[in-house]
Amino acid sequence: MKLKLALRYMLPALLLLTTTACEESKKDVLSKEKMQAVLMDINVAEIYCTMTEDSTHPRGEKNPDSLGLYYKIIFDHHGIKKEDFDKSLAWYKAHPDEMDTVVNRMMGVVEKWNVQ
């Protein structure tokens with residue numbers, strides 16, 4: 001009987017604590033809109049990097065030097081640091097429903113590009 005009573009009050013308290021902890025950990029995560037914008041730019045850079053050719057990297061092979069520069073430009077453009085992006089990406093990977101929302105929004109943008 002005491003166990004049921006304890007669980008009755010403990011379970012909501014634990015649920016509240018875990019919800020609060022999740023919210024706190026999200027405060028340093030890029031918003032869905034910002035994450036979408038950054039990922040869109042990164043995807044364009046990745047595709048462009050495989051389409052270009054130079055003396056040491058044939059077409060279809062990524063040039064890591066160029067790609068590193070593109071990433072820096074993207075992060076500067078969006079006013080974030082690589083660490084911000086990495087932390088946010090890890091958070092979104094740990095929360096697949098949230099990541100699905102971002103990816104689905106990206107797909108909507110890509111579909112609009114294909115129509116135009």
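Every number in this text was worked out from the coordinates using simple rules, so none of it is lab data. Computed from a predicted structure; not experimentally measured. In this analysis, Cβ positions are derived from the backbone assuming ideal geometry, glycine residues included, and neighbour counts consider all displayed protein chains.
Things worth noting here:
- Charge context of T101, other residues only, Cβ under 11 angstrom, K/R +1, D/E -1: -2
- When only Cα pairs below 8 angstrom with a gap of at least 6 residues are kept, the range 28-115 shows a relative contact order of 37 percent.
- The orientation-averaged shadow of the Cα convex hull for the range 28-115, equal to a quarter of the hull surface, comes to 6.4 nm².
- Note on K27 and K87: their simple-model spin labels are 1.1 nm apart, each label 7 Å out from Cα toward Cβ.
- Net lengthening on full extension, N114/H78 (0.36 nm per residue, minus Cα-Cα): 10.5 nm
- Its residues counted as N, the range 75-116 yields a C-alpha radius of gyration over 2.2 N^0.38 Å of 1.42.
- Spatial separation of Cα centroids for the range 62-77 and the range 79-109, in angstrom: 18 Å
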